[in-house]
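Student: Encoded as structure tokens, here's the structure I'll be asking about.
The values are calculated or read from the model by the stated rules, or taken from the named source; none is laboratory data. The model shown is predicted, which means the values in this text are computed figures rather than measured ones. As a convention, Cβ positions derive from the backbone with ideal geometry for all residues, glycine included, and neighbour counts pool all protein chains shown. Only protein heavy atoms, including side chains, enter the accessible area calculation; ligands, DNA and RNA are left aside. Shrake-Rupley method; radii C 1.70, N 1.55, O 1.52, S 1.80 Å.
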Amino acid sequence: MSAPPPSARSILFNRRFIALLAVSFLSSFVSSPLYALLPVYVESDLNRSPLFSAGLRALFLILGGIFAVPAGRLADHWGVKPTYVLGTIGPILAGIVFLTGDPFLLAALCIGVGISFGFNSAGGQSYLISAAPSSIIGIASAGYFLGNTLGTASGNLFAGPIAESLGFYALGWIACLASAILFIGAVLLLPSIPPTERNPQENRSLFGSFHLLRRSDVRLLLGIRYLPTCYWGAVTLLIPLLLFRITGTKTAATNFSAVSLSLAACFQLLTGRLCDRIGRWRPILVSASLVTLSALGLALTGHTLTGLYAFGILASASAWSLSTTMPGLLQLIGGETEKGRVVGLAHLVWSLGMLSGNLGGGKLIDWGPAIPFGIAVFFCLGALLCGIGLYRQYGTKEIAN
């Protein structure tokens, strides 16, 4: 008698996936102050404008996107573990950001953070879609992003009180020590995944991934990745700053981040489960619709504490739910030897979206929250249209089969 097929649970909870979850959680945990507290640090300790914060973020966002492209190719040909391990250097540099107030050193650190985060994202998502079969990619993606979400949320619960009571300098040293331990752990404990076989006909240049842009499905994928990320970039910069201005406390930003991300984690699990049970298309379109609704709500009520919490939480839940569907799309659209490159391009446009949202939000916030969030409504509608376009290319074929 042949052995029964392994269950989805036994396939999912293997050493590779558990190690990936641990590394992704801890990376987000120790990096969380860079996202939630950087604008507060710049305004309260350095007496600089929100646009300066946006500029610092722009450095590591754009470089993270640019270097995700060669990182994706290296993940295909060199192996995903070395690529991912290089990305765990980023949290160390993120901690050093809070140890200096020198603008030039801050810029240099953000350059290093950006390069490392490009390897972290491309390596981590390549590791995910290589380790998880397509039948459970939804719940596997939810688990991966849940590690990031809960890591950021729990990290903020610690970072806010530390910054409030001990200052940003102490916070930076604690983050550096924790990040160094994380790097050593990733080197020793993360299992290796063999690289894919090379196609002798392909372009082997590190930046030779852009031929994929000729495909309409890749362009639609990049659209649904870029457009809502512009909005999310504005949200991550502006909501902590608006909460700080309304309440006058540093913990308001980290408390909101912890609450919103914790709730978003529940929606990530729900979205991943639904993707595996009913297919990816309805979760994609519903999430894109709710992202649009949250942008409209923030445009109308973003000047109030209640509006920031209600629609900010909706933005977090729907945006992270939409992100949970992305690895499945990457696995669907990318071929066996090009998954890393598709991941790299997707992260490039994600970084460009975060950059656009950060810079646009930092520039337009002086006119009030209605302007940046109102513009974001149209971006989110565009993402919904891209999702519909992908459904017409792939969804109808899946239903037919």
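Student: Once phi is turned into θ = phi - 60°, what whole-Hz ³J(HN,Hα) does the Karplus curve with 6.51, -1.76 and 1.60 give for every residue of the stretch 113-118, x standing for Gly and Pro?
Tutor: Whole-Hz 3J(HN,Hα) from phi for the stretch 113-118: 4, x, 4, 5, 5, x.
Student: I've got another one for you. What value, in deg cm²/dmol to 500, does the helix sum -39500 (n - 2.57) over DSSP H runs of n ≥ 4 give at 222 nm once divided by the residues of the chain?
Tutor: Value at 222 nm, helices only: -27000 deg cm²/dmol.
Student: Would you kindly derive the ³J(HN,Hα) couplings of the stretch 277-290 from the backbone phi angles with the Karplus curve 6.51 cos²θ - 1.76 cosθ + 1.60 (θ = phi - 60°), listing them in order in whole Hz, with x for Gly and Pro?
Tutor: Each residue of the stretch 277-290 in turn: 8, 10, x, 7, 6, 5, x, 5, 6, 5, 4, 5, 5, 5 Hz.
Student: Using the heavy atoms of the protein chains alone and a 1.4 angstrom probe, what is the accessible area of the chain per residue in square angstrom?
Tutor: With the other protein chains kept in place, the chain gives 40 Å² per residue.
Student: With springs connecting C-alpha atoms under 10 Å apart, model the chain as a Gaussian network and identify which of Y226, Y144, Y41 has the largest mean-square fluctuation.
Tutor: Fluctuation is largest for Y41.
Student: Also, quick follow-up: Mind checking which of I136, I246, I162 has the largest fluctuation in a GNM of the chain, springs on alpha carbons under 10 Å?
Tutor: Result for the chain, Cα springs under 10 Å: I246 fluctuates most.
Student: Taking DSSP loops as anything outside H, G, I, E and B, show the longest stretch in the chain free of GluC sites (Glu not before Pro) there with at most 10 other beta carbons within 10 Å.
Tutor: Longest run free of exposed loop sites: 1-196.
Student: Another question about this same structure. If you roll a 1.4 angstrom probe over the protein chains with everything in place, what fraction of the accessible area of the chain belongs to carbon and sulfur, to the nearest %?
Tutor: Carbon-and-sulfur percentage of accessible area, whole number: 69.
Student: Whole-Hz Karplus ³J(HN,Hα) for the stretch 74-88, in order, using 6.51 cos²θ - 1.76 cosθ + 1.60 and θ = phi - 60°, x for Gly and Pro?
Tutor: Once rounded to whole Hz, the list reads 5, 5, 5, 10, 9, x, 7, 5, x, 4, 5, 4, 4, x, 7.
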